[in-house]
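Only one structure is covered here, and it is reproduced in the block below.
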Amino acid sequence: MIARLQRDVPRIFSLAGPLLIGQLAVIAFGVIDTAMVARYSADDLAALAMGTSIFISIYVGLTGVVSALAPIAGQLFGAKRHSEIGEEIRQAWWLSLLLSALGILVFLNPGWLLAIANTSPEVEAKARLYLQIIAWGLPASMAMRVLVAFHNAISKPAVITWLQIGGLVLKIPLNALFINGAWGIDSMGGPGCALATVIVNWLWFIAAALIVYRGQHYRIFGVYAHWSAPNGHRIWTLLKLGTPIGLSYLIEVTSFAFMALFIARLGTETLAAHQIVANLGTVLYMLPLSLSIATSTLVAQSIGADQPRLAKEIGYSSLVFTTGLCVSVGIGIWFLRYLLLDLYSPPEEVKTVALPLFLFIAFYQVFDALQVTAAFILRGYRVAFWPMWIYAISLWGVGLGGGYMLGFNVLGHVPEMIQGAQGFWLANSMSLGLAAICLIVLFRKTAQRFEKEHPPVTT
């Protein structure tokens, strides 16, 4: 195992490094939004929590569908079938347009989702405006996700990383302008974050599309070689793999999003505290996520190159290394909880509610690392249907359902210390543990099946 770790971890890190920086740049959008709006007003912070919860729930599900391009293109790249990748990209762009239209329809009519939170009219109005603004950045964002999947599949994530860093640099002044107002522009509060994000999304896509068009080393893929009408067979292949991936993303994210909507019933301060802690948890999630995406790329390329044993070994190496790393991070988070919370500068009453929740962030790191790594390994194998059901049962059933029962003391015998927001976080941690166990078992069986179907060639 040590020899495999020494072989595989450097390869994973070489891809995961740029991915992590890029993911942190993107997730910093949410951190910056939360930190800047927290200084504006508690109502705007609560509205931001509602708006982003709904947006992320839908958006991540949609991007999950087009992310099916990554394992498909990764296997084609491993098999050196470069010219086919360009056609897959063009068909993924057609799919992204269709999905964008569906997303815009939901974001322009969010009333039925906002009603779940049962919050004040002022907060609901701000959340509604946030969603109506950010809807118009969805086509650019979805098309950009196609190019992100493409660059990950061909082991060139650094190109996207530089664009993401540039977007972050631009996001900060745009946020300041639209949240607080200046130069004749009225202050918008929380919804101003959405307008800043829309502008950055469109600039991102235009820049990435130009890079692929002008770059000499992209020519072998033929992305702009010719016009392609929608191809039903290729789009259906993307949908067959992408739909369960998208639904898995949707289930995973809504397990957190509906936590926020239910916790909103406990008051503005509790919701604001949950938003801060959830935001920090999302930042920490970027570490195992980046390592998992890199692992999935290497697994897919190995499968495409007809090396199933290597794919299996890379998967196990990543599980061991990523989990060990995240355990260390969890311990560090617990000891630095006061310092980390002070970075958000929340009101004292919000800080009091937020501090106990740090225990759960530290606790679930190991389960989160295991489940996301196993899930992405399986996507490298183009296995997504059963992981979707594992997520549904564990995250919705145990996590969200159990959290509701604990948080609101449905049975009447829940200890006070795990009622409220603590109950939701405890149930979520348990659900991640269940998902991790099931996904690892599925990975083991999948790897064994692939090895039997593709025995090593002997000479």
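The values are calculated or read from the model by the stated rules, or taken from the named source; none is laboratory data. Quick caveat: nothing in here was measured; it's all calculated off a predicted structure. So basically every Cβ, Gly included, is an ideal-geometry build from the backbone, and we count neighbours across all protein chains shown. Keep in mind that these areas ignore ligands, DNA and RNA; they rest on the heavy atoms of the full protein, side chains included. Shrake-Rupley method; radii C 1.70, N 1.55, O 1.52, S 1.80 Å.
Taking the Cα centre of segment 118-205 as the origin, how large is its charge dipole in debye, to the nearest 20, when only Lys and Arg (+1) and Asp and Glu (-1) carry charge on their Cβ atoms? Please list the in-between numbers first.
On the way: 5 positive and 3 negative charges, 63 e Å.
That gives segment 118-205 a dipole magnitude of about 300 debye.
Would you mind checking the pairs Lys240/Lys445; Lys80/Lys240; Lys126/Lys240 and listing those with alpha carbons more than 25 angstrom apart?
Listed pairs above 25 Å: Lys126/Lys240.
From largest accessible area down, sort Met188, Met417, Met50; use a 1.4 Å probe on the protein chains. Display every interim value, and only then the final one.
Working: Met188 50, Met417 145, Met50 5 Å².
Putting Met188, Met417, Met50 in descending order of accessible area: Met417, Met188, Met50.
Spin-label point model (7 Å from Cα, Cβ direction): what's the Arg449 to Tyr224 distance in nm?
Taking the simple label geometry, Arg449 and Tyr224 are separated by 4.2 nm.
For Ile134, what is the net charge nearby, where nearby means another residue's Cβ is under 12 Å from its Cβ and Lys, Arg count +1, Asp, Glu -1? Write down the numbers at each step before the final one.
Working: positive: Arg128; negative: Asp33.
Taking every other residue near Ile134 into account, the sum is 0.
Which order do Lys312, Lys126 take by accessible area at a 1.4 Å probe, largest first?
Numbers: Lys312 45, Lys126 65 Å².
My answer, sorted largest first, is Lys126, Lys312.
Assuming 0.36 nm per residue, please report the length gained on full extension of the stretch Asn180 to Arg4 beyond their Cα-Cα distance.
Difference between extended and current length: 58.1 nm.
With charges only on Cβ, +1 for K and R and -1 for D and E, what is the dipole size of the chain about its Cα centre, in debye, rounded to 20? The partial results should precede the final answer.
Numbers: 27 positive and 21 negative charges, 335 e Å.
With Lys and Arg at +1 and Asp and Glu at -1, about 1620 debye.
Between beta-carbons, use under 14 Å as the cut-off and find the net charge around Ala16, counting Lys and Arg +1, Asp and Glu -1.
Values: positive: Arg11, Lys156; negative: Asp8.
Result for the local shell: +1.
Which sequence of Tyr213, Tyr285, Tyr344 reflects their accessible areas, 1.4 Å probe, from the largest down?
Largest to smallest exposure gives the sequence Tyr213, Tyr285, Tyr344.
For Val223, what residues show an amide H to amide H distance below 5 Å, using hydrogens built from the backbone and excluding near sequence neighbours?
none
For the chain, with every protein chain kept in place, what is the accessible area per residue (1.4 Å probe, Å²)?
Result: 41 Å² of accessible area for each residue.
Name the shape class, rounded, prolate or oblate, that the alpha-carbon gyration tensor gives for segment 266-370, where a ≥ b ≥ c are the square roots of its eigenvalues, rounded holds for a/c under 1.5, and otherwise prolate holds if a/b is larger than b/c and oblate otherwise.
Taking the square roots of the gyration eigenvalues as a ≥ b ≥ c, segment 266-370 is prolate.
Select from Trp386, Val277, Gly215 the residue farthest towards the positive end of the dipole of the chain; place +1 on Cβ of Lys and Arg, -1 on Cβ of Asp and Glu, and compute about the Cα centre.
Value: Gly215.
Test of understanding: what is the full-extension gain from Ala125 to Ile211, defined as 0.36 nm times their sequence separation minus their Cα-Cα distance?
Full-extension gain reported as 27.0 nm.
Out of the total accessible area of the chain (probe 1.4 Å, heavy atoms of protein only), what percent is carbon and sulfur?
69 percent
Just to confirm a number: summing +1 for Lys and Arg and -1 for Asp and Glu over residues other than Met36 whose beta-carbon lies under 14 angstrom from that of Met36, what do you get?
Its environment carries a net charge of 0.
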